Amino acid sequence: MYQDLQGKVAVITGSSRGIGRSIAERLAKEGMQVVVNYHSNSEEAQEVINYIQDQGGQAIAQQGDVSLEDDVQSLLRTALHEFGRLDLWVNNAGVENYQPTERMSLNEWQKVIDINLNGLFLGSMAAIRHFLKNNQYGNVINISSVHERIPWPGFTNYAVSKSGAKMFTKTIALEYSKRKIRVNAIAPGAIDTPINAEKLADATSQQETIDLIPMARIGKTQEVAAAAAWLASQESSYVTGETIFVDGGMTLYPSFAEGKG
Ligand code: NAI
């Protein structure tokens, strides 16, 4: 448990399911009051709220599209109105959209950039402006991907959004490091969530994915949430501008594992 998180407040975008849900649940377990942002499925969000409240935690659901500035501002307002403060903003919402680059329309490109990259800009800026205004400690965590490092044909828009997330994280970490604000990223590998449920449901493609992972298994959302809790806490007080890879070794060039090359 991270005692310093007791009574602090977090906004987690896209947290009605998947990795975001586990982050919301873990931070609430640590004693944080959490705003659970959802895009369209209010029932899913309510399930998360019920679960957290059943465990004795405090949480509220708030609809919002992270690519729209007004919606992002409303997430901040909800945190301040319901819980009276903001300490942490987790930019988790993200989408993938397979399309070979030569067939990708500008809309298909733009949609992924709008959510994964512009959403991250809007969320970070809402939080950072608030931290600066209050001259307070502040913390931002961006959920990136191993594809901030690994090229991914058919997902150019996604890989570009995540490599953008990496440099955005580093740049604003540097920009605000003297102002008591830390900014870090988490790069998950293959984690079992709805985003890749179809791929993982097929035995052959699941095995193809596992073959890319030195630890030879798909990751759990709770394993990503554990990294988020550490970055949220003062235990990581001297860490900023970093990406933590939670990927079972996927970025370790697994094809070199037997001393080849
Ligand atoms: P998911 O599809 O279960 O969750 C994504 C969440 O984002 C959903 O709740 C969805 O409603 C929300 N969302 C989508 N568009 C939104 C918008 N415009 N505004 C607000 N919310 C929106 O997927 P998962 O896996 O939990 O993804 C979470 C993050 O982790 C994403 O940024 C994804 O790119 C990243 N990631 C996931 C990996 C995986 O293997 N599952 C691997 C690497 C990164």
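The values are calculated or read from the model by the stated rules, or taken from the named source; none is laboratory data. What you see is a predicted model, and the numbers here were worked out from it, not measured in a lab. So basically every Cβ, Gly included, is an ideal-geometry build from the backbone, and we count neighbours across all protein chains shown. Side chains are part of the model used for accessible areas, which takes the heavy atoms of the whole protein and leaves out ligands, DNA and RNA. Shrake-Rupley method; radii C 1.70, N 1.55, O 1.52, S 1.80 Å.
Could you give each residue of segment 238-255 its phi-based ³J(HN,Hα) in whole Hz, using Karplus coefficients 6.51, -1.76, 1.60 with θ = phi - 60°, and x for Gly or Pro?
Coupling constants for segment 238-255: 9, 10, 8, x, 9, 10, 9, 8, 10, 9, x, x, 4, 8, 9, 6, x, 5 Hz.
What's the carbon and sulfur percent of segment 170-261's accessible surface, probe 1.4 angstrom, rounded to a whole number?
54
Give me the percent of accessible area attributable to carbon and sulfur for segment 1-73, probe 1.4 angstrom.
Within segment 1-73, the accessible surface is 38 percent carbon and sulfur.
If you take the charge dipole of segment 146-232 about its Cα centre, with +1 on Lys and Arg Cβ and -1 on Asp and Glu Cβ, which of Thr171, Ala225, Pro188 is farthest toward its positive end?
Projecting each Cα onto the dipole axis, the largest value belongs to Thr171.
Residues with amide H under 5 Å of Ile181's amide H, sequence separation 5 or more or different chain, H placed in the peptide plane at 1.01 Å from N; which?
Amide H to amide H, under 5 Å and 5 or more residues apart or across chains, Ile181 pairs with Gly138.
So what is the accessible area of segment 178-241 per residue, in Å², with the probe set to 1.4 Å?
53
Name the long-range amide H neighbours of Asn37: under 5 Å, sequence gap of 5 or more, or other chain; modelled H, no Pro or chain starts.
Long-range HN contacts for Asn37: Ile12, Gly14, Ser15, Gln62.
In a solvent-free Debye calculation with one equal scatterer on each Cα, what is log10 I(q)/I(0) for segment 136-261 at q = 0.16 Å⁻¹, listed in the order of the q values?
-0.84
Under a 5 Å amide H to amide H cut-off, with H placed in plane at 1.01 Å, what residues pair with Ile191 once short-range neighbours are removed?
Gly219
In Å², what does the accessible area per residue of segment 72-123 work out to with a 1.4 Å probe?
Working: 2580 Å² over 52 residues.
Counting only protein heavy atoms, the per-residue value for segment 72-123 is 50 Å².
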